[in-house]
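Colleague: Below: one structure in structure tokens.
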Amino acid sequence: MIGNDTDHLIPHDLDLLSFLDGRFARFAGAPALRLEGSFELSYDQLRAQIVAVSSRLIARGLSTNARVALLSENRPEWSIAMLGALRAGAMVVPLDTKLGTSEITTLLAHAKPRVILASTAQRARAIEAARAAGIGSDRVLIIDDGSITSAGDIAPPVRTHDDVALIVYTSGTTGSPKGVTITFGNLMHQVRAVGAAIGPQGRERFLSVLPLCHLYELICGLLVPLSRGATISYPAGETLLPAELSRIMRERKITSLVGVPLLYRALSRGIDAEVKRASRGARIFVAMISAIAAVIPLEKLRRAIHRPILKSFGGALHQLYAGGAPLDPEVAKRFERMGLRIFQGYGLSETSPVIATCTPRAYRRGSVGRPLPGVEVRIADGEIQTRGPNVMRGYLDRADLTKDVFTRDGWFKTGDLGHLDDDGYLHVTGRAKDVIVLGGGKKVYPDEVELLLADHPGFAEVCVLGVPNRHGHEEVCAVVVPAAAQGEADPEEEIARMLEGVAAFKRPTRVLVRREPIPRTTTRKAKRQALAAWITNDLEQAA
């Protein structure tokens, strides 16, 4: 078991909103949030807009601890709406724009929000989902047309560390979605502990590319940077091509990026593509300096050697953080040779989310770093368990599920397998659960997808599981045993049709037909390990 003391880092008499308000005042004239190609807000302008949204919601009659859903793509107004709603006394329910409308409806029906804040781009879906969930469309307010701002400053209610700030859903299309309740104390711990672990970095310029509705980006790509006076840039639109990413990084001299392994693989490929387009002499030169850099320990010297390549990213990039899925060791080595270490971390929504992370002062390739200050980690029967001020209060309206994920002595059971080395670095070696973790960090619950396919008359059996693709990441695979009277229906086409309203990342990218029953235990649970072996054998024979 390992942990660190953090009492000196967290002022127990200061709440998160007051803490951020003080930081906004300190950095008043500095640029805070920027939407590329549109507008920029300074810290004092950001504070003014947060107060305006808060006052508008209070004037509208929003009661303390009422729930406010938020459906929007990444943009400055997302952050303003979230912080404004919190200041007004709300519990914010961030929703993923990549979910299908039916899935959003399920979450709204469970959360029962008093107000739904949506961007113009999401307005129609928000209204449709609200009506389907029995919520009046008049409760949908638009965050990016100026309609929810208000002159004046209405005094907000007092929020404490124990108050729930966020309800973050981990799944949404089954009959019992799990809403993780995150308190202000959880968020305060993450902001201060993550910032302390990273250490001072000077004036930072972040590029925000991951969905803000996920706690990983919300903490590491928004709240921590804002607490440090950083400038955060949001790309225009939800689809960001590698060329556009590189352009923004060059123009804005981006220093910091929070991403998933899939993003860093794409950047690595972009670098390789640039090298291939170069002349033969240039390619030989790059190969030579890369070989030299591999044996040079000094990061600054490595960056100097690779300066022509790093200029394609603006030349200022030096903080790269990864989470959500295992990082390819070859990608990590590729960046290290250029003098850029990717600091991998680990956590779950239930832990607000960060449990451990590598940092500039404590880095070990292949590990997810040491536990954050104040966070304790132990290994029990191979499972990673944790406790500390980062652990959630519980699942919304599901005391039974909450009880199941805590030990009798109060430790949260992550369901992941791993070990701590002699120096206190945490290594994640696998998952005890069946959850499928995609290359981009998205998590897919097999039972959720199976439930949607179970009633198809052409399928005698269906099993959904994760299988490795050629990049070493998991992809969603569906194994179908056809019914005797299936006819001419194509399983792949039928699955695509049935899951049309479901988030794209949850849909199987590989569909296999099996002519014999799926192997099961005596309690009728699918033996996914045995089925995975069958899939591997089937694919090898087909190759």
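Colleague: At 1.4 Å probe size, put Arg60, Arg408, Arg378 in order of accessible surface, largest to smallest.
Modeller: On the way: Arg60 100, Arg408 250, Arg378 55 Å².
Putting Arg60, Arg408, Arg378 in descending order of accessible area: Arg408, Arg60, Arg378.
Colleague: In addition: Rounded to the nearest 500 deg cm²/dmol, what is the calculated helix-only ellipticity per residue at 222 nm for the chain, with -39500 (n - 2.57) per DSSP H run of length n ≥ 4? Show your work: numbers first, answer last.
Modeller: Working: 18 runs with 183 residues, N = 543.
One gets -10000 deg cm²/dmol as the mean residue ellipticity at 222 nm.
Colleague: Restricting to bridges with both residues inside the chain, how much of the DSSP beta-bridge set is antiparallel, in percent to the nearest 5? Present the calculation step by step, with values, prior to reporting the outcome.
Modeller: Working: 44 of 77 bridges.
About 55 percent, rounded to the nearest 5.
Colleague: Lys433 versus Thr407, label points 7 Å from Cα toward the beta carbon: distance in nm?
Modeller: Distance between label points: 1.8 nm.
Colleague: Using the basic label-point model (7 angstrom from Cα toward the beta carbon), what is the Lys253 to Ser102 distance in nanometres?
Modeller: A separation of 5.1 nm, rounded to one decimal place.
Colleague: How many Å² of accessible area per residue for the chain, probe 1.4 Å?
Modeller: Numbers: 23460 Å² over 543 residues.
On a per-residue basis, 43 Å².
Colleague: Taking a 1.4 Å probe, which of Leu20, Leu301, Leu451 shows the most accessible area, and what order do the others take after it? Present the calculation step by step, with values, prior to reporting the outcome.
Modeller: On the way: Leu20 5, Leu301 80, Leu451 105 Å².
The most accessible residue leads, giving Leu451, Leu301, Leu20.
Colleague: Something else about it: Take Arg203 and Ile154, extend 7 Å from each Cα along the Cα→Cβ direction, and tell me the distance between the two endpoints in nm.
Modeller: A separation of 3.7 nm, rounded to one decimal place.
Colleague: With unit charges on the beta carbons (Lys and Arg positive, Asp and Glu negative) and the dipole taken about the Cα centre of the chain, which residue among Pro242, Ser119, Thr509 sits farthest to the positive side?
Modeller: Highest projection toward the positive end goes to Pro242.
Colleague: In addition: Please give the contour-minus-distance gain from Arg393 to Ser137: 0.36 nm per residue of separation, less the Cα-Cα distance, rounded to one decimal in nm. If you can, show how the numbers build up before the last one.
Modeller: Working: separation 256, 0.36 × 256 = 92.16 nm, distance 3.11 nm.
Stretched fully, the Arg393-Ser137 segment lengthens by 89.1 nm.
Colleague: For Ser147 and Thr509, what is the calculated FRET efficiency with R₀ set at 35 Å and r taken between the beta-carbons, to the nearest 0.05? Don't skip to the answer; put the middle values down first.
Modeller: On the way: r = 40 Å, r/R0 = 1.15.
According to the calculation, E is roughly 0.30.
Colleague: Separate question: Taking a cut-off of 20 Å between Cα atoms, list the aspartates and glutamates near Lys300, but don't count ones fewer than 8 places away on the same chain.
Modeller: Result set, ordered by chain and number: Glu204, Glu336.
Colleague: How much of Lys311 can a 1.4 Å solvent probe reach, expressed as accessible area in Å² and rounded to 10?
Modeller: Roll a 1.4 Å probe over it and Lys311 shows about 130 Å².
Colleague: Give me the distance between the Cα centres of the range 79-136 and the range 392-468, rounded to whole Å.
Modeller: Comparing the Cα centres of the range 79-136 and the range 392-468, I get a distance of 25 Å.
Colleague: A follow-up question, please. Length gain on complete extension for the stretch Ala532 to Arg23, per 0.36 nm per residue less the alpha carbon to alpha carbon distance?
Modeller: Here the answer is 178.1 nm.
Colleague: Roughly speaking, what is the stretch gain from Thr120 to Glu450, that is 0.36 nm per residue apart minus the C-alpha to C-alpha distance, in nm to one decimal? Display every interim value, and only then the final one.
Modeller: Working: separation 330, 0.36 × 330 = 118.80 nm, distance 3.35 nm.
Taking Thr120 through Glu450 to full extension adds about 115.4 nm, to one decimal.
Colleague: Using a ≥ b ≥ c from the Cα gyration tensor of the chain (square roots of the eigenvalues), is it rounded, prolate or oblate, where a/c under 1.5 gives rounded and otherwise the larger of a/b and b/c decides, a/b for prolate?
Modeller: Details: a/c = 1.44, a/b = 1.07, b/c = 1.34.
Judged from the Cα gyration tensor, the chain comes out rounded (a/c under 1.5).
Colleague: Now a separate question. If you roll a 1.4 angstrom probe over the protein chains with everything in place, what fraction of the accessible area of the chain belongs to carbon and sulfur, to the nearest %?
Modeller: Working: 12050 of 23460 Å².
Carbon and sulfur: 51 percent of the exposed surface of the chain.
The values are calculated or read from the model by the stated rules, or taken from the named source; none is laboratory data. All values derive from a computational prediction rather than experimental measurement. So basically every Cβ, Gly included, is an ideal-geometry build from the backbone, and we count neighbours across all protein chains shown. The protein model used for the area step is the full one, side chains on, heavy atoms only, and it has no ligands, DNA or RNA in it. Shrake-Rupley method; radii C 1.70, N 1.55, O 1.52, S 1.80 Å.
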